[in-house]
Amino acid sequence: MEQSIKNNRLGTEPIVPLLFKLAIPSILSMFIQALYNVVDSIFVAKLSEDALAALSLAFPIQMILIAIGVGTGIGTSSLISRLLGAGNEKRASIAAEHVLVIAVFYGLLVGLLGIFFSKYFISWFTSDPILIDYGSRYIKIILMGSLFVFISILCNNILRGEGNTFIPMITMLIGSILNIILDPLMIFGYGFFPKLGIEGAAIATVLSRVISGSFILFMLFKGNHQIRLNLKDFSFDPSIIKGIYQVGFPSMTMQFLSSFMIGGLNAILGSYGGTAIAALGIYFKLQTFVFMPVFGLNQGYMPIMGYNYGHNNPDRMKKTMKVSFIIAFIFTTLGFFMLQLFPRELIKMFHGSPKLLEIGTDTLKTISISFPIVGPAIIGSTTFQAIGKGLPSLILSFLRQIILLLPLSLLLVKIDGLNLIWYAFPISECIAFILMVFWLKKTLKDVFSTMKENM
């Protein structure tokens, strides 16, 4: 009875309090994660500007890991929430068991790739031997420790699928806070810690993930959840994998596109030296403060939408959408003002040269022009995923990041170099947003019409 009431709250509790109850833990934990991303770069920047640029070159490779984890995780969360909405707790648990097996597979595969191909991966983006050396030393350790990246991301999404965002919050807090503490100790060798430089930043990241990943595993197996795991009786079911990746693969591909986009931009900026690459890297670190709260909001939005879609409740879905679009707009508009009003102060945190300060200031002010519409665009993309229609999100992401952003960047950099290239971001965002509005409106009209016929 208790589990039934807990399950049904996604369909009965007042929307605004429920959305915040589910989202605030994720918003808080993702804010701490964003803080770690910035602090990590600030510490590495103290080593040298080349070390900071090397982190920017390694970032697309790290995003591939995130793409695999987040894509699989979104598919997991969507599938589990829909199964629970339909009252099928047993199959939801079977899906969770498959996800744990997937995490181990990905972790072992990526670890092997890291051992043998790290230097080759970094050389995709630069021919500078110093940047290749820094970048390959860093990314090798990150890839070797990827098992616990996948465990942490996927276990968090198993719990989010049943509407549990508290434990995922604690997990992310443990990982991020430990990382912030360990970073200076292992980079600069304070106390009894050895001075490991850029490798120290990578080791600190891996150690924090091992600890946070171990915590979420323990809680998943020992806690009181709707999902009941029993790996002793595990039996592979291809239909479960299909159910996960019907939604998850488009999302994964979207993340891959982000990695490809950043790698392409790094290659374009390579002719302007490590300073331009470092400026772009700083932007991507700082933007997480703006976008992470929206992604945290998604963690509450997704299970509510998925549950009520599975429970055939269109009115509740519409109310949830309206509130979420408004909140996301507020988040990213605040980010717009932050980057417009304080760009120089933000760049100064990274101990950069006067040249980095000049390029970085222009980067932040120009790219952030489109921030107010990015929040609603993220919610719109998640709406497609929540109702099991991941393809539109994939197509829109491909349009924005590959069809529009990279060609525009190449065109604008040829016209006036770094003075124009950053405008490729807001132009791409605006075009993709307009298309998303029309597509989402049409899709939801069809979905709600079908749901009403089934009521």
(request) Could you tell me which of the residues Ile347, Ile369, Ile378 is open to solvent by less than 20 Å² (accessible area, probe 1.4 Å), assigned to a helix (DSSP H, G or I), aliphatic (A, V, I, L, M) and closer than 25 Å to Val294 by Cα? (result) Ile347
(request) Look at Val99 and say whether it is under 24 Å from the mean Cα position of the chain (by Cα), open to solvent by 10 Å² or more (accessible area, probe 1.4 Å) and within 26 Å of Asp237 (Cα to Cα). (result) no
(request) Report yes if some residue within the range 360-367 is closer than 14 Å to Trp439 by Cβ, polar (S, T, N, Q) and out of contact with any Lys or Arg (no Cβ under 8 Å at 6 or more places or on another chain); otherwise report no. (result) no
(message) Restricting to the range 310-358, and then to whatever is closer than 18 Å to Phe433 by Cβ and of a type in the set (Gly, Ala, Ser), can you tell me which residue is nearest to the chain's Cα centre (by Cα)?
(response) Ala328
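Is it the case that Gly360 is farther than 24 Å from Pro14 by Cβ, part of a helix (DSSP H, G or I) and touching a residue at least 60 places away in the same chain (Cβ under 8 Å)?
yes
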(request) Evaluate the following for Pro25: is it over 15 Å from the mean Cα position of the chain (by Cα), over 30 Å from Ile359 (Cα atoms) and without any contact (Cβ under 8 Å) to a residue 12 or more places away in the chain? (result) no
(request) Please enumerate the residues belonging to the range 240-270 that are farther than 21 Å from Gln401 by Cα and open to solvent by 60 Å² or more (accessible area, probe 1.4 Å). (result) Lys242, Gln246
(message) Tally up the residues in the range 280-317 that are polar (S, T, N, Q), over 17 Å from Ile66 (Cα atoms) and assigned to a helix (DSSP H, G or I), please.
(response) 1
(message) Need the failing condition index for Ile158 against (1) of a type in the set (Val, Ile, Thr); (2) at pLDDT below 90; (3) more than 19 Å from the chain's Cα centre (by Cα), just the number.
(response) (3)
(request) Would you mind finding the one in Leu229, Leu182, Leu220 that is in contact (Cβ under 8 Å) with a residue 24 or more places away in the chain, in contact with a Gly (Cβ under 9 Å, 6 or more places away or on another chain) and open to solvent by less than 50 Å² (accessible area, probe 1.4 Å)? (result) Leu182
(request) May I ask you to list the residues in the range 381-398 that are in a helix (DSSP H, G or I) and open to solvent by 40 Å² or more (accessible area, probe 1.4 Å)? (result) Leu391, Ile395, Phe398
(message) So in the range 302-330, with the set limited to residues that are at pLDDT below 85 and among the aromatic types (Phe, Trp, Tyr), which one is least open to solvent (accessible area, probe 1.4 Å)?
(response) Tyr307
(message) in a helix (DSSP H, G or I), touching a Lys or Arg at 6+ places or on another chain (Cβ under 7 Å) and open to solvent by less than 10 Å² (accessible area, probe 1.4 Å): is that true of Leu339 in this structure?
(response) yes
(request) Within the range 39-85, track down each residue that is more than 14 Å from the chain's Cα centre (by Cα), surrounded by fewer than 23 Cβ atoms within 10 Å (Cβ to Cβ), among the β-branched types (Val, Ile, Thr) and at pLDDT 85 or above. (result) Ile42
(request) Taking the residues in the range 193-212 that are out of contact with any Leu (no Cβ under 8 Å at 6 or more places or on another chain) and more than 20 Å from Ala58 (Cα to Cα) as candidates, determine which candidate is surrounded by the most Cβ atoms within 10 Å (Cβ to Cβ). (result) Val210
(message) With the structure loaded, tell me whether Leu113 is assigned to a helix (DSSP H, G or I), touching a residue at least 40 places away in the same chain (Cβ under 8 Å) and surrounded by fewer than 21 Cβ atoms within 10 Å (Cβ to Cβ) or whether it fails that test.
(response) no
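The values are calculated or read from the model by the stated rules, or taken from the named source; none is laboratory data. This is a predicted model, so every value here is computed, not measured. Positions of Cβ are generated from backbone atoms using ideal geometry, with glycine treated the same way; all protein chains shown enter the neighbour counts. Accessible surface is based on the protein model in full, side chains and every heavy atom, while ligands, DNA and RNA are left aside. Shrake-Rupley method; radii C 1.70, N 1.55, O 1.52, S 1.80 Å.
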